[in-house]
């Protein structure tokens, strides 16, 4: 997953002046995490999702920025890369997500 500062940093690193165009070229929106907010008066939960941005994936499931086995944005890699890597299968990635 990417934070807003990750997006800006990566776009600048890749030479994009337009962050929106960078996002269209390289990112996808995920459903994100499902969360519950509890009303402290009624005790009833409100369920909602926090949508997140993620990098596109190639057909083999690896990161869009992985080229010839190397991360093309490593100097500005997102925090989420600490939790996920290109060698992880979809099941493990989904579990961690």
Checked the stretch 71-86 for anything at pLDDT 85 or above and out of contact with any helix residue (DSSP H, G or I) (no Cβ under 6 Å at 6 or more places or on another chain); matches are 71, 72, 74, 75, 77
Being at pLDDT below 85 and over 11 Å from the mean Cα position of the chain (by Cα) is true for just one of 68, 89, 60. Which residue is that? 89
Failed item in (1) farther than 19 Å from residue 6 by Cβ; (2) surrounded by fewer than 12 Cβ atoms within 10 Å (Cβ to Cβ), with residue 92 passing the rest: (2)
Among the residues of the stretch 37-62, which ones are free of Cβ contacts under 8 Å to residues at least 12 places away in the same chain and either exposed (fewer than 12 other Cβ atoms within 10 Å of the Cβ) or farther than 30 Å from residue 14 by Cβ (or both)? 37, 38, 39, 40, 41, 42, 43, 44, 45, 46, 59, 60
Of (1) without any contact (Cβ under 8 Å) to a residue 40 or more places away in the chain; (2) in a helix (DSSP H, G or I), residue 75 fails just (1)
When you scan the stretch 1-24, how many residues do you find that are within 14 Å of the chain's Cα centre (by Cα) and either part of a loop (DSSP other than H, G, I, E, B) or surrounded by fewer than 14 Cβ atoms within 10 Å (Cβ to Cβ) (or both)? 5
Residue 49 being part of a strand (DSSP E or B), in contact with a strand residue (DSSP E or B) (Cβ under 7 Å, 6 or more places away or on another chain) and at pLDDT 90 or above: no
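The values are calculated or read from the model by the stated rules, or taken from the named source; none is laboratory data. The model shown is predicted, which means the values in this text are computed figures rather than measured ones. Cβ: placed from backbone, ideal geometry, glycine included. Neighbour counts: every protein chain shown.
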